[in-house]
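Values in this text are rule-based calculations from the coordinates and carry no lab data. In this text, all values refer to a predicted model and were calculated from it rather than measured experimentally. Counting neighbours? That spans all protein chains shown, and the Cβs are built from the backbone with ideal geometry, glycine included.
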């Protein structure tokens, strides 16, 4: 079950992270913010989203880390997190930024990341 808890928390964490890092760009497109909106306001809103992100990321790493009885090494946790991060980001962009397209080179890069997961788990 630790596998599922770790990966589930990493997914939730990365959803919050993606909105914290890139959500303000969509809000600017929607005219909720303008390019004149002070940067400190954008940063404060991003930090409000970062708290739930950290509240999921830290427990995911503690639960998943083999030094705490979890199933993953620290290297495996990081590679899993990166693949989840890019997957969440890709879904976010495809759903919210209509002008962006998924091209063959993006898919090739993703395949390379999946191969990184394979190699990090290879004994």
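For this structure, a couple of remarks:
- Residue within the stretch 41-60 that is under 28 Å from residue 118 (Cβ atoms), free of Cβ contacts under 8 Å to residues at least 12 places away in the same chain, over 13 Å from the mean Cα position of the chain (by Cα) and assigned to a helix (DSSP H, G or I) present: yes
- The residue of the stretch 61-71 that is surrounded by the most Cβ atoms within 10 Å (Cβ to Cβ), among those that are touching a residue at least 60 places away in the same chain (Cβ under 8 Å) and in a helix (DSSP H, G or I), is 64.
- Residue in the stretch 16-31 that is out of contact with any strand residue (DSSP E or B) (no Cβ under 9 Å at 6 or more places or on another chain), within 24 Å of residue 115 (Cβ to Cβ) and in a helix (DSSP H, G or I) present: yes
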